[in-house]
1. What does the charge dipole of region 35-164 about its Cα centre add up to, to the nearest 20 debye, if the Cβ of each Lys and Arg holds +1 and the Cβ of each Asp and Glu holds -1?
2. Mind jotting down a quarter of the surface of the convex hull over the alpha carbons of region 49-94, in square nanometres, one decimal?
3. Only counting other Cβ atoms within 10 Å, I'd like 34, 39, 76 sorted with the fewest neighbours first.
4. A 18 angstrom limit on the alpha carbon distance is what I want to check against. Which of 112/154; 29/159; 46/143; 112/155 exceed it?
5. As a check on your grasp of the helix formula, calculate [θ] at 222 nm for the chain: sum -39500 (n - 2.57) over DSSP H runs of n ≥ 4, divide by the residue count, round to the nearest 500.
6. Equivalent ellipsoid semi-axes for region 123-166, as square roots of 5 times the alpha carbon gyration tensor eigenvalues: give them largest first, rounded to whole Å.
7. Would you tally the net charge around residue 33, using a Cβ to Cβ cut-off of less than 12 Å, leaving residue 33 out, and scoring K and R as +1, D and E as -1?
8. For 84, 40, 138, which order do you get if you count the other beta carbons within 10 Å of each Cβ and list the fewest first?
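Where a number appears in this text, it was derived from the coordinates with a stated rule and is not lab data. Please read all numbers here as calculations on a predicted model, not as lab measurements. Positions of Cβ are backbone-derived with ideal geometry, glycine not excepted, and every protein chain shown enters the neighbour counts.
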Amino acid sequence: MRIWVLKNNKKLSHLNKKGEAKMVNINEKIISDREAIARCEVNVSKEIIKLILENNIKKGDVVQLSKIAGIMGAKRTHELIPLCHNIPLSEINIDIIILEDSSKLSIEASVKAEWKTGVEMEALTAVSITALSIYDMCKSVDKHIEINSLKLIKKSGGKSGDFINE
């Protein structure tokens, strides 16, 4: 049995009285507009950038297929992250900007819902899966691809209020 030592007598929201994992009860929470924006970068070779711009990657259109993968990932976050709630998402937008000079793809996902809990994990999952899809589609050209700087940029709504990552 694991014993959890808490500082300042704080209760951990995702543990029951026995110290076991549990999903938080959100029945009493108020439905509100929620939005989260996450971002990451994918560093690739100049050759990959050229092939993406020419739409000559063997697996297909990297930008469009990776966006679809990211949207699918956001919708399935609750199946991937054990204590996440299934949230009825109302909007998912994924932007991929090709930074040709620095051989990077910048990915940003915006996720919205009108619900009782936030959508930060859905936005982070969206950019992660988009980046992994880019890797998968381009790895046959060069496996030195790096996925970097995954972070939450902004979140709004809910009890904890707004957050902006400066």
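1. Numbers: 17 positive and 18 negative charges, 54 e Å.
So the dipole magnitude of region 35-164 works out to roughly 260 debye.
2. Working: hull surface 16.4 nm².
So the Cα hull casts an average projection of 4.1 nm².
3. Values: 34 23, 39 19, 76 14.
Fewest-to-most Cβ neighbours within 10 Å comes out as 76, 39, 34.
4. On the way: 112/154 12 Å; 29/159 9 Å; 46/143 13 Å; 112/155 10 Å.
As for pairs spanning more than 18 Å Cα to Cα, there are none.
5. That comes out to -8500 deg cm²/dmol.
6. Details: eigenvalues 190, 21, 4 Å².
Whole-Å semi-axes of the equivalent ellipsoid: 31, 10, 5.
7. Working: positive: 34, 112, 116, 155; negative: 35, 91, 114, 162.
Every neighbour counted, the sum reads 0.
8. Details: 84 17, 40 20, 138 25.
So the ranking, lowest neighbour count to highest, is 84, 40, 138.
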